[in-house]
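Here the structure is laid out as structure tokens; the discussion comes afterwards.
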Amino acid sequence: MAISSKYDPSEIEHKWYSYWMDNGYFYSKPDSRPAYTIVIPPPNVTGILHMGHMLNNTIQDILIRRARLLGFNACWVPGTDHASIATEAKVVAKLKESGIEKKDLSREKFIGHAWNWTHEYGGVILEQLKKLGCSCDWERTKFTMDEDMNAAVIKTFVDLYREGKIYRGFRMVNWDPEAQTTLSDEEVIYEEKQDLLYYLSYELEDGSGTVTIATTRPETILGDTAICVNPNDERYKSLVGKYAIVPVCGRRVPIISDDYVDIEFGTGCLKVTPAHDMNDKILGEKHNLEVIDILNPDGTLNQLGLHYEGQDRAVARKAMAKELEQIGVLVKTELITHKVGTSERTKAIIEPRLSDQWFLKMEDLAEPAIEAVLSSDAINFFPKKFENTYRHWMSNIRDWNISRQLWWGQQIPAYYYGEGNNDFVVATSKTEALDMARTISGKVDLRIEDLRQDADVLDTWFSSWLWPMSVFDGINHPENEEFKYYYPTNDLVTGPDILFFWVARMIMAGYKFSEQKPFSNVYFTGLVRDKQRRKMSKSLGNSPDALQLIEDFGADGVRVGLLLSAAAGNDLLFDDALCQQGKGFANKIWNAFRLVKGWEVSDTNQPKENELALEWYTHKFDQAIAEIDDHFDKYRLSDALMTTYKLIWDDFCSWLLEAIKPEYGQPIDCTTYDRIIVLFEQNLKILHPFMPFLTEEIWQQNAIRQNHEALVVADWPKSNGFDPNFIAQFESVKEVVGQLRALRKSQQIPFKEQIQVLVYGNMDFSAELVGVIKKLTNLSEMKTVNQKEDGALSFRIGSTEYFVPVSGPVDTEGELIQLKEELKYTKGFLKAVQGKLSNERFVGNAPESVVAIEKQKEKDALEKIEMLQNRIESLEI
RNA sequence: GGGCGCUUAGCUCAGUUGGUUCAGAGCACUUGGUUUACACCCAAGGGGUCGGGGGUUCGAAUCCCUCAGCGCCCACCA
């Protein structure tokens, strides 16, 4: 039955994925081979596949599949992240839809809902990765809230606490009023926003006048406890030490001075609200100011907000502005652009807020992590430029706020046994906590029910920073075989957006808890954008449906499409056309296979030119392999793919297959055939990491398959070295063929019409190479002559001239024009070269080899000019 | 405000230590081609004074300075 000329991936992809799974090819356990490990950046458990995942996981799969072919024990650990705040927000939203408010639920009930949600949607994304072809060891699938993962988190927390690295502090933190939790600094996204700057005048207590301040948040005047001016500001020197009256609430506040205040900004007078601004907090501490918190956790004003109590801060702001205007306090307003912190997850505007939180000291952890990346090269970033970003952040690292006022996540293992803020112990279990509490408090009758666990959960990243270790149970059981075998892992593939959130912290955790690096190489992917360079986003609707893409172009097509323009760290401008190119490539290979498979094989002798063409391709292949390996070593995957693409499409299909292809209907000799099959298989191997499905399909249909049943576990070809001279010689063949094709085109000589080629000068082609040329351009003969052919068509390569005699009249006008142009150019070139050579400074300073090259150029140019002139003369007669 | 990076063909990007092979690739484009694997194809071809200016050098896309434009990261400017 004839095979379709259209490659149809749909059935094939499903078939081979099942086959790989059924045969356990992705399954890994420790053995005598060296391990090659990648841990997946765990996607949000409730997430669905988007373009970023597609790119990221395609890259990981390419690396892991190649490692498998190279003979490593390849292990790719998949899994998902509980994504504390993101998942909790989704669950809250979903409950709301069915009329349930989080606040009406008990903690246990809510967590039950979250687990239901997790079980329902968790793993959807992993199933989608299978469609992409990802060869993860699915038996190792982990979730950051698995029992053992939780245990690792708790152990880590307890250890760090006991070491004094974790502490509790009443501090100004980033508060998300929507999710009603704190956020780490990294979770706050600053956005430019236009807002009104309100100028407000406060009466002075002594009635001597007013002082005008500028603020973007008039509602917070209710929390004002001072006014501050710069000590060097001549305008206000006399005011310092006086008191002003805050409008609306009538509070008497001191006028103080501090260098912090910028004389240029606004009026040069700053209202100080220590409870609602980081800097004001600092000022407050310095000047011993009262702290008045006017906000509730949800962002509404509390009773200190007076008649604005219960109103959201944004609502209260407008109302307050109105009131201030009515009572004549509002002097003017001005539109300004400033940066406002928003929550990465909920997009709510962040409120600086004072509260009790848990912090992790980072400075000591950072030290070896900096060293590993920047000094010792134990860990390498690709592209390297991210090392700069890393250094900058790491050397200015701040303590990490690790507590979150959420329910979904690992609850902080601190247990309070008394009313005091410090009446707590930190322990791995409640029973252990009880023992400790009894000892510390001296209350031997303390019961387990008397213990109250801290309500907060840990930041999601506090579990994921352990990921490369905890997936192998390396935190609780560092001596276990698997951990010792697979860890440190090899490559990490992720986006630069989580360089600080995750990558840096994993490195710190690695050195802290395993005294080793967690991975050797970090490959940063770029952002996937659309053709207009816009980020892909739901609201823009410019993100293609990942699964639909796979359906339309095949997983292989999409993988190639993504890789084609995805140099490490560069943003990828996604375009369907790239997937189309990938699909086209699949089809091209498919048809090459159809061609070969369709040949009849005879036991006739192998024509010499076939042997030669095959040998050329073998050299070319070895050259390409060396290049591809080099690209892989440098994590230049696009280049590795492009080299493979050109090798297969141009060299294999367009040159080799065309050169050895038998006449229509004729059989091919068995020697050539066998060689082609082997080479075809070699091609499949290097292509397999990029296009796993297509290559496995062809491999399985192919005849030979030496040692391996499946391509997925075949061996990566080794370069046997190559002869550049041999390749160069064949390149000359290509050049002659190209010239003859061009000549045919310009003279409109159809391919079917045989032509004769006469060569004047040195023809250093063997008879076999001539055979290749004859076949590729349909020549009757190609021979050397002792005399130039008059009136024939001609072209030159080097110092050799080629003539094609034709029967009819020859159109020499075009050639003449070309020749004259070439002559003009060559003369100019010669002049430049001679100019250089007559420059004493050049001859004196340049290395001899460079001068020699210039001399050779001069000689060649002179020869060429003579030849061109002769040719022009002969044509003009 | 501080730091980092980018600017090369219509588009997306390579160009490692300055020197034959340095001005490249893929796509797009133009022209011609289809009973003979593939029109998701074949063949040939056009296209860039390497962002502007200055400097170092015998020689600069490559090193230095400067200007312009773009991007990213960090930072408490009300």
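The values are calculated or read from the model by the stated rules, or taken from the named source; none is laboratory data. Given the structure is predicted, the values throughout are model-derived calculations rather than measurements. All Cβ positions, glycine included, derive from the backbone under ideal geometry; neighbour counts span all protein chains shown. Surface accessibility is based on the protein's heavy atoms, side chains included, excluding ligands, DNA and RNA. Shrake-Rupley method; radii C 1.70, N 1.55, O 1.52, S 1.80 Å.
Here the accessible area is traced with a 1.4 Å probe on the protein chains. For the range A:361-485, carbon and sulfur cover 49 percent of it. Charges were assigned to the Cβ only: +1 to each Lys and Arg, -1 to each Asp and Glu. The resulting dipole of the range A:478-547 about its Cα centre is roughly 600 debye. With one equal scatterer per alpha carbon and no solvent term, the Debye-computed log10 I(q)/I(0) for chain A at 0.10 1/Å reads -1.15.
At full extension, A:Cys670 and A:Lys385 could sit 97.3 nm farther apart than now, given 0.36 nm per residue minus the alpha carbon distance. Here's how it looks for A:Thr80: its modeled amide H is under 5 Å from those of A:Lys142, A:Phe143, A:Thr144, which are all 5 or more places away or on a different chain. The charge dipole of chain A, taken about the Cα centre with unit charges on the Cβ atoms of Lys, Arg (+1) and Asp, Glu (-1), comes to about 900 debye, rounded to the nearest 20.
Modelled this way, with points 7 Å down the Cα-to-C-beta line, the labels at A:Thr428 and A:Gln532 are 5.7 nm from one another. Measuring between their Cα centroids, the range A:36-53 and the range A:761-778 lie 54 Å from each other.
Kindly provide the trypsin sites (Lys or Arg not before Pro) of the range A:289-361 that DSSP labels as loop, not H, G, I, E or B, and whose Cβ sees at most 11 other Cβ atoms within 10 Å.
Details: sites: A:Arg313, A:Arg317, A:Lys318, A:Lys322, A:Lys332, A:Lys339, A:Arg345, A:Lys347, A:Arg353, A:Lys361; in loops: A:Arg345, A:Lys347, A:Lys361.
Those that pass, being in a loop and sparsely packed, are A:Lys347.
Rolling a 1.4 angstrom probe over the range A:145-295 with all protein chains present gives an accessible area of which 46% lies on carbon and sulfur atoms.
Summing charges over all other residues whose Cβ lies under 14 Å from the Cβ of A:Asn396, with Lys and Arg as +1 and Asp and Glu as -1, gives -3. Of A:Lys242/A:Lys271; A:Lys29/A:Lys685; A:Lys734/A:Lys775, which pairs sit farther than 18 Å apart, going by alpha carbon to alpha carbon? The answer is A:Lys29/A:Lys685. Ranking A:Phe501, A:Phe483, A:Gln748 by Cα position along the charge dipole of chain A, where only Lys, Arg, Asp and Glu carry charges on their C-beta atoms, puts A:Gln748 farthest toward the positive end.
Just in the range A:386-460: which trypsin sites (Lys or Arg not before Pro) are loop by DSSP and have at most 13 other Cβ atoms within 10 Å? Mind showing how you got there, number by number?
Values: sites: A:Arg391, A:Arg398, A:Arg404, A:Lys430, A:Arg438, A:Lys443, A:Arg447, A:Arg452; in loops: A:Arg398, A:Lys443, A:Arg447.
The qualifying sites are A:Arg398, A:Lys443, A:Arg447.
Here chain A carries DSSP beta bridges of which approximately 70% are antiparallel, counting only pairs with both residues inside. Note down the net charge around A:Arg313, summing +1 for each Lys or Arg and -1 for each Asp or Glu among other residues with Cβ under 9 Å from its Cβ. Neighbourhood net charge equals -1. In the context of the full set of protein chains, residues of chain A present 46 Å² of accessible surface per residue (probe radius 1.4 Å, heavy atoms only). Dipole size of the range A:725-847 about its Cα centre, with +1 on Lys/Arg Cβ and -1 on Asp/Glu Cβ: approximately 320 debye, rounded to the nearest 20.
Two tests apply to each whole DSSP H helix in chain A, Cα reach of 18 Å or more along its axis and mean Kyte-Doolittle hydropathy of at least -0.5, and the ones passing both are A:51-69, A:84-97, A:147-162, A:546-564, A:576-598, A:670-687, A:724-747, A:813-838. Annotation for A:Phe829 and A:Asn476: the two label points, set 7 Å from Cα along the Cα-Cβ direction, are 7.4 nm apart. Using 0.36 nm per residue and subtracting the Cα-Cα separation, the extra length available between A:Leu875 and A:Glu709 on full extension is 53.4 nm.
Projecting each Cα onto the charge dipole of the range A:99-248 (Lys/Arg +1, Asp/Glu -1 at the beta carbon, about the Cα centre), which of A:Thr212, A:Tyr243, A:Trp117 comes out farthest on the positive side? Of A:Thr212, A:Tyr243, A:Trp117, it is A:Trp117. The alpha-carbon of A:Lys864 sits under 18 angstrom from the alpha-carbons of these lysines, leaving out residues fewer than 8 places away in its chain: A:Lys788, A:Lys820, A:Lys824, A:Lys827, A:Lys831, A:Lys855.
Summing charges over neighbours of A:Asp723, with a neighbour being any other residue whose Cβ is under 12 Å away from its Cβ, gives -1 when K and R count +1 and D and E count -1.
So, R0 is 22 Å and r is the distance between the beta-carbons of A:Glu108 and A:Ile448; what FRET efficiency does that work out to, to 0.05? If you can, show how the numbers build up before the last one.
On the way: r = 17 Å, r/R0 = 0.79.
That gives a FRET efficiency of 0.80.
Legend: calculated FRET efficiency, A:Ser18 to A:Ser395, from the Cβ-Cβ distance at R0 = 30 Å, rounded to 0.05, equals 0.05. Estimated from helices alone, the mean residue ellipticity of chain A at 222 nm is -13000 deg cm²/dmol (sum of -39500 (n - 2.57) over DSSP H runs with n ≥ 4, per residue). Once you reduce the range A:106-177 and the range A:186-257 to the center of their Cα atoms, the two points are 45 Å from each other.
Measuring nothing but protein heavy atoms, the accessible surface of the range A:497-569 at 1.4 Å probe radius is 46 percent carbon and sulfur.
Report the extension gain between A:Gln748 and A:Thr439 in nm, rounded to one decimal, defined as 0.36 nm multiplied by the number of residues separating them, less their alpha carbon distance. Additional length available on full extension: 101.1 nm.
Grab the beta carbon distance between A:Gln787 and A:Glu821, set R0 = 22 Å, and tell me the FRET efficiency rounded to 0.05. The formula returns an efficiency of 0.25 here. Here, the range A:77-230 has an Rg and a Dmax of 24.2, 79 Å when only alpha carbons are counted. The lysines within cross-link reach of A:Lys535, meaning a Cα-to-Cα straight distance under 24 Å and a gap of 8 or more places when in the same chain, are A:Lys90, A:Lys193, A:Lys339, A:Lys347, A:Lys384, A:Lys385.
Evaluate the Kirkwood expression for the hydrodynamic radius of the range A:603-736, namely the inverse of the mean inverse distance over all pairs of different C-alpha atoms, and round to one decimal in Å. Intermediate results must be reported in sequence, preceding the final value.
Working: mean 1/r = 0.0638 Å⁻¹.
Here the Kirkwood hydrodynamic radius works out to 15.7 Å.
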